[in-house]
Amino acid sequence: MSRQINQPSNQIKLTNVSLVRLKKGKKRFEIACYKNKVLEWRQGIETDLDEVLQIPNVFLNVSKGQTAPKEDLAKAFGKDKPVDDIILEILNKGEIQVGEKERAAQLERVHNEVVSIVASKLVDPRTKRVYTTGMIDKALDMLSSQAHQGQGDKSAAGSGAGTPATGEDAEAKPRTKEHTWTGVVTTKSAKSQALDAMKALISSQPIPVSRARMRLRITCTTNVLKQAVKAPKAAEGDGDQKAAPGTVKDKILSYIEQVETQDVLGSEWEVVGFVEPGAFKPLSDFLGNETRGQGRVEVLDMAVTHED
């Protein structure tokens with residue numbers, strides 16, 4: 001006597017899918033999508049829903065092929081809500097379940113973006129030339145290896161009690177913040193990770209690097225340029241030694257590492273030059289405080305580099 005195995009009517013088998021999951025009304029609902037299409041939908045690149053969904057159904061469990069009963073959908077989303085609207089809500093608000101291959105591809109994309117940003121912002125301090133992305137990649141790999149090795153050494157020595165460093169007065173010295181690089185993650189933006197990577201490279205110098213200089217145009221009325229800058233208060237014990245404060249023009253030029261052009265046009269003085277990125281904010285603050293709106297700074301190039 002032959003036996004027939006009946007597959008439940010609400011069971012659909014799907015493979016090679018990207019899942020989007022939403023928990024609502026104490027139940028978990030899933031939809032089956034094509035790989036890489038969910039992010040394209042959310043970014044507005046893909047607008048055709050048929051290109052995103054493998055099947056226009058709502059599931060309790062996609063891997064088991066178990067579709068969600070109408071009663072469960074009505075209880076969680078409302079009786080009058082159409083299935084298409086429920087699918088859109090899950091697609092837009094649900095959590096994307098990423099597979100191993102997809103996660104690796106996403107990690108590689110972020111990694112390449114980070115390396116590309118860093119390579120465009122850092123230069124060899126001697127030649128002012130950019131490094132290739134390959135050289136930046138190797139330098140970051142070196143830092144990552146050192147960081148993981150350092151973590152291993154710390155855990156091995158973790159059994160010993162740590163004593164804070166002390167000075168001659170037996171007071172604990174504050175530890176300086178170290179910029180380390182352990183590698184790229186998918187939970188942070190490429191821009192913020194590139195900033196962390198640059199700080200670590202500049203701090204550790206596995207290869208000679210510095211931030212690419214900014215190119216600025218600074219303008220100021222000529223009658224303000226000759227005004228004296230307020231001298232800082234002299235420290236006790238300095239005696240008669242007083243640092244000459246100089247003029248507003250002298251102070252502006254002190255921020256500029258290299259002057260490209262300098263000219264007077266009518267009653268306005270203009271200088272174009274290169275400054276270190278760290279000097280931009282102090283320069284802007286100085287112009288705002290000392291010139292009372294008669295001086296301004298304009299960024300012509302965020303990162304000036306020389307390429308071969």
> Quick one: is LYS128 open to solvent by less than 80 Å² (accessible area, probe 1.4 Å) and on the phi > 0 side of the Ramachandran plot?
Replying inline: yes
> Any idea which of LYS233, LYS199, LYS188 is out of contact with any helix residue (DSSP H, G or I) (no Cβ under 9 Å at 6 or more places or on another chain), at pLDDT below 90 and either open to solvent by less than 70 Å² (accessible area, probe 1.4 Å) or not in a strand (DSSP E or B) (or both)?
Replying inline: LYS233
>> Need the failing condition index for PRO56 against (1) in contact with a strand residue (DSSP E or B) (Cβ under 7 Å, 6 or more places away or on another chain); (2) within 25 Å of GLU102 (Cβ to Cβ), just the number.
In response: (1)
> Which of the residues belonging to segment 277-308 are of a type in the set (D, E, K, R) and modelled with pLDDT of 90 or more?
Replying inline: LYS281, ASP285, ARG296, GLU298, ASP301
> Could you list, in sequence order, the residues of segment 85-103 that are open to solvent by 100 Å² or more (accessible area, probe 1.4 Å), of a type in the set (Asp, Glu) and part of a helix (DSSP H, G or I)?
Replying inline: GLU100
>> Which count do you get for residues in segment 272-299 that are surrounded by 14 or more Cβ atoms within 10 Å (Cβ to Cβ) and either over 17 Å from THR247 (Cα atoms) or hydroxyl-bearing (Ser, Thr, Tyr) (or both)?
In response: 11
> Any residue in segment 44-55 that is closer than 24 Å to LYS191 by Cα and open to solvent by 30 Å² or more (accessible area, probe 1.4 Å)?
Replying inline: yes
> Which of (1) more than 35 Å from the chain's Cα centre (by Cα); (2) closer than 16 Å to VAL20 by Cβ does PRO69 not meet, given it meets every other one?
Replying inline: (2)
> Which condition does MET1 not pass, out of (1) out of contact with any strand residue (DSSP E or B) (no Cβ under 9 Å at 6 or more places or on another chain); (2) of a type in the set (A, V, I, L, M, F, W, C); (3) modelled with pLDDT of 90 or more; (4) more than 30 Å from ALA105 (Cα to Cα), if it passes all the others?
Replying inline: (3)
> Quick one: would you say GLY183 is loosely packed, with under 14 Cβ neighbours inside 10 Å and either at pLDDT 80 or above or out of contact with any helix residue (DSSP H, G or I) (no Cβ under 9 Å at 6 or more places or on another chain) (or both)?
Replying inline: no
> Here are some conditions: (1) closer than 27 Å to THR187 by Cβ; (2) at pLDDT below 85; (3) out of contact with any Asp or Glu (no Cβ under 7 Å at 6 or more places or on another chain). ILE31 meets all but one. Which one does it not meet?
Replying inline: (2)
>> of a type outside the set (Lys, Arg) and at pLDDT below 90: which single residue out of GLN66, GLN106 fits that description?
In response: GLN106
> Checking ALA147 against (1) modelled with pLDDT under 85; (2) surrounded by fewer than 13 Cβ atoms within 10 Å (Cβ to Cβ); (3) not in a loop (DSSP other than H, G, I, E, B), which single condition isn't satisfied?
Replying inline: (2)
> Which one is nearest to the chain's Cα centre (by Cα), of the residues in segment 19-66 that are charged (D, E, K, R) and under 15 Å from GLY94 (Cβ atoms)?
Replying inline: ARG42
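The values are calculated or read from the model by the stated rules, or taken from the named source; none is laboratory data. As the structure is a computational prediction, the values presented were derived from the model and not from experiment. Positions of Cβ are backbone-derived with ideal geometry, glycine not excepted, and every protein chain shown enters the neighbour counts. We work out accessible area using only protein heavy atoms, side chains counted, and drop any ligands, DNA or RNA first. Shrake-Rupley method; radii C 1.70, N 1.55, O 1.52, S 1.80 Å.
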